[in-house]
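Read-outs throughout are calculated quantities, based only on the coordinates presented, and are distinct from any laboratory measurement. Treat the numbers as computed from the prediction; the structure is a model and nothing was measured. Heads up, the Cβs are rebuilt from the backbone with ideal geometry, glycines too, and the neighbour counts pull from every protein chain shown.
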Amino acid sequence: MAKYCCHSWQLRVRLPWAQRWLHPGRPASTAQRAASLGDEAAVPWVPWAPLLRCVALTGCSVRAARQLVALGRVAIDGRTARDEMEMVENSQVVTVLGKPKRGVIQKQAVPPRKEVYIKMHKPRGVICSHVRELEGTPIISDLYPAGAEECHCVGRLDSRSEGLLLVTSDGFFTRSAAMPETHVEKEYVVLIGANFGPNESFHQPTDATLKQLTDGVDLFDGKPPAIALRAEMMQLDASLGLARLKLVVDSGRYHLVRRMVAALGYSCKQLIRTRIGSMHGIPICPAGLAQAALQDVDTSPRVARAEEGASEALNPGQYAKLTMEEVAAVYHRGLKWLDHVQAVKFA
């Protein structure tokens, strides 16, 4: 079932993940897939693709594709392509001019494209894996919409966490968004409490606590201290022993946010990723701490989660296609990293 948001041009599609959750070892039937797609507009792939991705589909790397564009050996509908950041409609014909063979310049047409760039709200309890190691365990590929079965997720969220997750068929997009060298920001909303259970005393986080997060926290793993780019107090109730923080990081270390708050003497009750770079989708209007204190946040997927009903929100199991601008921003970071590597190589 598809629906349009009055505040966004993005199509939001409700995935039939609840049915697959009940039968995780059984793929969705043809009828279920058809219902999830709705009309043609609900297909997961976008009607365009980055030019460099198109050229790379001929069998070369993105680095080699940049060289082909710079040498004027790539054409779009017969027009020489000059901008490596150009987005190409799927209906347009992309041709790559190869090396001359027996005096004849070889032309290679780019195969048809059906690239997937979507953002998804991963529910709590789902493992970011494409292999089911234990029968009955829900995995992220169970939630992929029909037509995106061969895609992969960008980075990971542990099974206890929820929130924004990117899914794509583009390997360079994945590397550009996930590599620590590209410094893509990731924003989290974290609910914290006493570190060793409800009977332990809760020391109220202060401005000094936030400063410690931004100055760096030693995780005792032999690596430099983990640093939050920004740390903000969203909610605090010392009588309930709960607080909610917003943290922004640009590193992808294992369980980074959970380990950072644990190093300061807190337990992570709930972790929600709300933003990756410029890509949003999870609302930051959390439920009250009193509601969180009355329910088990480790088992209730709705308590203390961002409130439903926001027009731009993705509810658990929903996805939306990324825009050209969002994909281009990630590509720009990846190309900037390639330029840096090239400069260091010849320095």
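Say R0 is 30 Å: what FRET efficiency, to the nearest 0.05, do residue 133 and residue 332 get from their beta-carbon distance? Spell out each step's value before the answer.
Working: r = 37 Å, r/R0 = 1.23.
For R0 = 30 Å, the calculated efficiency reads 0.20.
With a 10 Å Cβ neighbour count serving as the proxy for reagent exposure, in which order, fewest first, do 268, 54 appear?
Least to most surrounded, the residues fall as 268, 54.
Can you tell me the mean projection area, over all orientations, of the convex hull of segment 180-294's alpha carbons? Units nm², please.
Spelled out: convex hull of the Cα atoms, projected over all directions, averaged, 7.3 nm².
Provide, as a two-decimal number, the C-alpha radius of gyration of segment 105-202 over 2.2 N^0.38 Å, N being how many residues it has.
Working: Rg = 18.3 Å, N = 98, 2.2 N^0.38 = 12.6 Å.
Expressed relative to 2.2 N^0.38 Å, the Cα Rg reads 1.46.
Mind ordering 67-75, 316-324 by average Cβ neighbours within 10 Å, highest first?
Values: 67-75: 16.0, 316-324: 20.3.
Highest mean packing first, the order is 316-324, 67-75.
If the chain between residue 215 and residue 97 were fully stretched, how many nm would it gain, using 0.36 nm times the residue separation less the Cα-Cα distance?
37.3 nm
Using Cβ contacts closer than 10 Å as the measure, can you line up 151, 60 from fewest to most? Provide the component values of the computation, followed by the final result.
Numbers: 151 23, 60 16.
Taking fewest neighbouring Cβ atoms as first place, the list is 60, 151.
Extending each Cα 7 Å along its Cβ direction at residue 181 and residue 207, get the distance between those two points in nm, one decimal.
About 4.0 nm separates the two model spin labels.
Can you list, bin by bin at 5 Å, the percent of alpha carbon pairs in segment 48-109, starting at 0?
Calculated over all Cα pairs of segment 48-109, the distribution is 4, 20, 34, 26, 11, 4, 1, 0 percent.
Arrange the following residues from fewest to most other Cβ atoms within 10 Å of their Cβ: 87, 234, 260, 120.
Fewest-to-most Cβ neighbours within 10 Å comes out as 234, 87, 120, 260.
In segment 249-289, whose amide N lies under 14 Å from the spot 7 Å out along Cα-to-Cβ of residue 340? List them in ranges.
Taking a point 7 Å out along Cα→Cβ of residue 340, the residues of segment 249-289 whose backbone N falls under 14 Å are 250-252.
Treating cross-link reach as a plain straight distance, find the lysines whose alpha-carbon is under 18 Å from the alpha-carbon of residue 336, omitting any fewer than eight places away in the same chain.
Of all the lysines, those that pass the test against residue 336 - Cα under 18 Å, at least 8 places apart if same chain - are 345.
For a label point 7 angstrom out from the Cα of residue 232 toward its Cβ, which stretches of segment 251-277 have the backbone nitrogen within less than 18 Å?
Correct set: 271-277.
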